[in-house]
1. Between A:D268 and B:F85, what FRET efficiency follows from the Cβ-Cβ distance if R0 is 35 Å, with the result rounded to 0.05?
2. How many nm separate the modelled label positions at A:K358 and A:Q4, each set 7 Å beyond the Cα in the direction of the Cβ?
3. Under a plain spin-label model, where a point goes 7 Å from the Cα along Cα-to-Cβ, how far apart in nm are A:L419 and A:I451?
4. Give me the dipole magnitude in Debye, nearest 20, for the protein assembly as shown about the Cα centre, with unit charges on the beta carbon: positive for Lys and Arg, negative for Asp and Glu.
5. Given the options A:A67, A:S441, A:A23, identify the residue whose Cα lies farthest towards the positive end of the charge dipole of the protein assembly as shown (+1 on Cβ of Lys, Arg; -1 on Cβ of Asp, Glu).
6. Most exposed first by the Cβ proxy, i.e. fewest other Cβ within 10 Å, how do A:Y255, B:Y99 rank?
7. Normalising by the residue count of the stretch A:130-202, find the relative contact order in percent from Cα pairs under 8 Å and 6+ residues apart.
8. Based on the inverse mean of 1/r over its pairs of different Cα atoms, what is the Kirkwood hydrodynamic radius of the stretch A:232-294, in Å?
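Read-outs: derived from the displayed coordinates by stated rules, not from any lab. Every value quoted in this text rests on a predicted model; they were computed, and no experiment measured them. Heads up, the Cβs are rebuilt from the backbone with ideal geometry, glycines too, and the neighbour counts pull from every protein chain shown.
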Amino acid sequence: MMQQLLIYPLLLQLFLSIVLMFAWGKVNLQRIISIVGSIVGLVFSGMLLYQVLTQGTQTMQAGNWAAPFGITFVADAFAATLVLLTSLAGLAVSCYSSASIIPARIRFGYFSIFHFLVLGLIGAFLTGDIFNLYVWFEIIIISSFVLITLGGEKAQIEGAVKYFTLNFLASIIFLTAIAVLYGLTGSLNMADLAVLVPKLENKTLVDVAAILFLIGFGIKSAVFPLYFWLPASYHTPPSAVQAIFGGLLTKVGVYALIRIFSLVFLGDSFLQETLIVIAVLTLFSGGIGALVQKNLRKVFSYLIICHIGFMIVGLAMFTEVALAGAVFYLIHDIVIKTNLFMISGLIYRIKGTVQLDKLGGLYDKYPKLSLLMLIPLLSLVGIPPLSGFWPKISLFLAAYDTQNYLVVGMVVFASLLTLIVVAKLWAEAFWKKDAELPERSHFLYFDKLWISRRIQFIAPIVLLTLVSLYIGFGAEHIQQLSTRIADELINHKQYIDAVMTNRN
Amino acid sequence: MEFLLAIITGLLYAAGLYMMMRRSLVKLILGLIIIGNGANLLIFLLGRITKGSPPIIGEHEKLLSDIYADPVPQALILTAIVISFGLQSFAIILVKRAYKVVKTDDLDKMKATDEEV
């Protein structure tokens, strides 16, 4: 039974979303099912990570079809870590949603779709088959389409058109890339591809496939020239939806990039240089974009883009230290970005707006809450010893070792930009004198909520803040984990062996 | 046959991209549908086309002895068609909603998400 543990987090999410459909009209029941289910999911994912760390990579051949022919599910340390983080963010957002999402949205199946989204994310992390990865991506985007449009406000619909178009296009490009790769190798299993692709003689077509994958995943992870859909759509849905989008959707693109470019397409200097250029420009344009925005949610949207650059930089340099930095950053970023958007939702609930020039006086009125929000903001910048600081050390070291001084400069510059953005945000929203805003009618202010709802608002933020504090102060554990993951990514032979020999 | 399919695939991609760059919402969706069909044809084409030899093992044999058509691309295309069918129906409803809410089908006029609220 424990052999198939890796499929449990996946099945649980599927089960939850189906059960939630049967509780269609019962809002409170849905809230309870979702929170309890997410806690169980977190336990399963924790057990999976423990099993992977103690016993090595776990695999499962769907339908008992031997490795290159059937669909394989693989849980190596990288995938299992991300599944755990997904479950963690899922639990936080599920708790947060039950307070912040209005009953009307819940009645139209918010929670069911939310768990489908988490299902898609976990599936994408666990699959070892490239076409199956496409299918999980489709599950992710179709659930995110529903979540982004649910409610049907004008801005939401407009944002959804932009979000939909580019993500659909990304899927088609991804599918084209799969077609080219299948035509070249006749295989879809990623471990099998890792063996077959280096032997191919037609290097030009391999490059074409690699670039198609880069564009497809690049749109999804919002890297430099392909990110314009993100700031145009991410601020439109409710902040709970935005939290799960910002925390995980772009990261699954980054995961796919790291997986494909560390396993299948290797050792191409052209690709590496392209990735470095893309990463540097992403850092720059995301940071500058965040600087000029006045809407808090848009500021955070641009910061997502900016910080995607750190992970791509790590991937591009492709040394063990660099990859460890990228993986560490990914771990830190999932927690912190989910938290940030929940914080922006909390600020919206307190003040009724997220416009920086209208905000103010938060520190005066809510000193404890402000301190709570300060920790994630400082972790985001990477003030030592908080969590954003440690991965940057690895990235610096790797950039010096590989003599990419442009990268060194840009990592410093992007961190500085983030610092300026956060300082500006703190000054505007927390320290500035409170501007008297006209009271909005029909708006449920934070003060007027029941105490239990208020706890549901704050508990997930406290949870994720504690996790990022752990990532910061327990950095040694995370660093060990990321180094192990980086080692597994570079020496990917054990991944291949685990897939190809384990025919249970 | 391959030559013809290659030409058609190219045309579909080109037509789809061209339609996507127009300003009308409906043309945008049509473009996405066309380019999706192009991708499906491409999988079919790159999976090697083998005429008239289905992958069926004869009654008195144990293995496939002859060259046979690869069944995997068909399975892939089938999956992709079903998925894109779902996405397209969503897209059509979305376009209708967008037209009702925004009261235009001109993409250039959809600027509410870029404005400061």
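1. That gives a FRET efficiency of 0.45.
2. Those two pseudo-labels are separated by 5.4 nm.
3. Computed distance between label sites A:L419 and A:I451 equals 4.2 nm.
4. 2120 debye
5. A:S441
6. Working: A:Y255 23, B:Y99 14.
Listed from fewest to most nearby Cβ atoms, that is B:Y99, A:Y255.
7. This gives 35 percent for the stretch A:130-202.
8. 14.0 Å
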